[in-house]
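The values are calculated or read from the model by the stated rules, or taken from the named source; none is laboratory data. Keep in mind that this is a model prediction, so the values were computed, not measured. Positions of Cβ are backbone-derived with ideal geometry, glycine not excepted, and every protein chain shown enters the neighbour counts.
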Amino acid sequence: MEILNKEFFKEYKKYPEKVLQFGEGNFLRAFVDWIIDDMNTKALFNGSVVVVQPINNGLVNKLNEQDGLYTLYLQGLKNGIAVREHKIVNSISRGINPYENYNEYLKLAENPELRFIVSNTTEAGISFNENDKLEDLPQSCYPAKLTAFLYHRFKTFKGDKNKGFIIIPCELIDRNGEKLKNLVLRYAEIWNLEKKFIDWINEANVFCCSLVDRIVPGYPKDRIEEVRKELGYEDQLVDVGEQFHLWVIEGPEWIKNEFPVDKAGLNVKFVNSMAPYRTRKVRILNGAHTAMVFVAYLYGLNTVEEVMNHQVIGKYVTDLVYKEIIPTLNLSKEELEEFAESVIERFKNPYVKHYLMSIALNSMSKFETRDLPSLLQYVNINNELPSKLVFSLAALMEFYKGNRNGENINLVDNKDILVLYKEAWANYDGSKESLRNLVQTILGYEKNWKMNLNKVKGLTDKVTEYLFYIENEGITEAIKRVM
């Protein structure tokens, strides 16, 4: 069977490299790169994406083997009709691993046609590492890598204000563009870079806050043989996403002139404030995703569709959304419930196998971003704890024990989080007192929560109680106590 590459794909086109992309994972390929491919197809953009692998292990070698090509399946409701379609995406020119070719990475900054920078390095990616230095090859965290890249650009073009970038991070954290810019400026300061460079960052570059929305299950490992037969060629990077997509970009109106997504008829909005869109999406869609993972996976389920069609867990998630999340949001009830209905319909998409473990990456920071605000606001409004959100928090702690019915759970998170849980569970002796100590340790980890959650009235006791039930009765029995 032939391999997908430019020799096989006769319609292959080469475009000028206009976009630098940090991240080569399923989401960006099913979202940003698909959007750019669509604009190219409609003769609106004429640009390609250079992908930079943000961590040492990744997919750029596979991308380069396939000349940046991959097959994207979009499956779900389209204008009310269930549609399953696929196409070869031809918007990525090449991939670079800065851990192996740092000079090639920096050389990208010398390309005068490069204009956009996008990223998705997970919620944990926009972070600060005080040990990163300008001389590192490369720096460890994304903002440091970006600062070094921008500095090389600044020096190459001698501070030309026309050689700045439109920077649109897609990480799911509030005010992502502002936070990324602040970290870049912080690195510029601690690295003692000249004031003219700091002025160039502020005056020549636009950091947009953005919100992305598309469920992307990614590589269809459970049916890849069927996919190969259907395609008739070998593709190591097959990607699967839903039909629905939304990109909200907060930035100057003139960006549309250079990035004319609106003319392509895509669901991309340029707005003055993305706050209402973000709050609604993060709390309801992403909040439900994260809250369901630990409960459902420990229950024995593996995909989002299984969850929503399950008599017990499906009702658990629906009740959590309508009774504990929606009442905390400051938007019209009608609008929120309409959005929630669309989310639940998307969760039930029969075409998409969205594995719970693919959502479980960096779950501690995700819970802090997506679910903790709803939990705290519920307490503020009702002066009582939301039982299902608290139960999900207890299930998170059980999940990070790393075992499901004798089967190891492949936990993926920052090293400090994994060490925290490993030590906390190692000190557990089976007693409720030691379980409470474990809960206090986790709730008191302010580096993740940005506060000591033990100070939330009754939370330590309630999480301990639920976790004790999960430990001693199993998740199947324990969940009955909150239903």
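Of everything in region 283-303, what is touching a strand residue (DSSP E or B) at 6+ places or on another chain (Cβ under 8 Å) and either under 26 Å from PRO169 (Cα atoms) or not assigned by TED's automatic domain parsing to the domain that holds LEU320 (or both)? Give them in sequence order.
LEU285
Give me the pairs: first residue in region 333-352 and in the same structural domain as ASN286 (by TED's automatic domain parsing), second residue in a helix (DSSP H, G or I) and hydroxyl-bearing (Ser, Thr, Tyr), beta-carbon distance under 8 Å, and six or more apart or on different chains, which are they?
Note: pairs meeting the criteria are GLU337/TYR322; ALA340/TYR322; ILE344/THR318.
Limited to region 315-371, what total is found for residues that are under 24 Å from THR476 (Cα atoms), among the hydroxyl-bearing types (Ser, Thr, Tyr) and crowded, with 20+ Cβ neighbours inside 10 Å?
Total meeting the criteria: 2.
Among the numbered criteria (1) closer than 30 Å to TYR400 by Cα; (2) of a type outside the set (Ser, Thr, Tyr); (3) in contact with a Cys (Cβ under 6 Å, 6 or more places away or on another chain), which single criterion is violated by LEU298?
Checking LEU298 against (1) closer than 30 Å to TYR400 by Cα; (2) of a type outside the set (Ser, Thr, Tyr); (3) in contact with a Cys (Cβ under 6 Å, 6 or more places away or on another chain), the one that fails is (3).
If a residue has to be in a loop (DSSP other than H, G, I, E, B) and either under 20 Å from GLY402 (Cβ atoms) or touching a Phe, Trp or Tyr at 6+ places or on another chain (Cβ under 9 Å) (or both) to count, how many in region 420-454 make the cut?
6
State yes or no: is LEU211 at pLDDT 95 or above and touching a strand residue (DSSP E or B) at 6+ places or on another chain (Cβ under 7 Å)?
no
Residue under question is VAL261, and the condition is that it be modelled with pLDDT of 95 or more and farther than 22 Å from LEU361 by Cα; does it hold? Full working, then the answer.
Working: modelled with pLDDT of 95 or more: no; farther than 22 Å from LEU361 by Cα: yes.
No: the conditions fail for VAL261.
Filter region 455-477 for residues that are assigned to a loop (DSSP other than H, G, I, E, B) and either polar (S, T, N, Q) or under 18 Å from GLY300 (Cβ atoms) (or both) and give the result.
GLY474
Taking the conditions exactly as written (in a strand (DSSP E or B), crowded, with 20+ Cβ neighbours inside 10 Å, β-branched (Val, Ile, Thr) and in contact with a Pro (Cβ under 8 Å, 6 or more places away or on another chain)), does VAL240 satisfy them or not?
The answer is yes for VAL240.
Just wondering, is there one or more residues in region 93-102 that are under 26 Å from SER363 (Cβ atoms) and in contact with a helix residue (DSSP H, G or I) (Cβ under 7 Å, 6 or more places away or on another chain)?
No, region 93-102 contains no residue that is under 26 Å from SER363 (Cβ atoms) and in contact with a helix residue (DSSP H, G or I) (Cβ under 7 Å, 6 or more places away or on another chain).
With LYS42, LYS133 as the choices, which residue is under 25 Å from LYS263 (Cβ atoms) and basic (Lys, Arg)?
Going through LYS42, LYS133 in turn, the sole match is LYS42.
Does region 98-128 hold any residues that are within 20 Å of CYS170 (Cα to Cα), polar (S, T, N, Q) and either not in a strand (DSSP E or B) or not assigned by TED's automatic domain parsing to the domain that holds LEU193 (or both), and which are they?
Within region 98-128, ASN120, THR121, THR122, SER127 qualify.
Within region 267-288, is even one residue more than 30 Å from LYS480 (Cα to Cα) and touching a His at 6+ places or on another chain (Cβ under 7 Å)?
Looking for residues that are more than 30 Å from LYS480 (Cα to Cα) and touching a His at 6+ places or on another chain (Cβ under 7 Å), one finds at least one in region 267-288, hence yes.
LEU396 versus (1) at pLDDT 95 or above; (2) assigned to a helix (DSSP H, G or I); (3) over 21 Å from the mean Cα position of the chain (by Cα): which is the lone unmet condition?
(3)
Identify, please: which residue in region 75-92 is in contact with a helix residue (DSSP H, G or I) (Cβ under 8 Å, 6 or more places away or on another chain) and hydrophobic (A, V, I, L, M, F, W, C) and is, among those, surrounded by the fewest Cβ atoms within 10 Å (Cβ to Cβ)?
Selected residue: LEU77.
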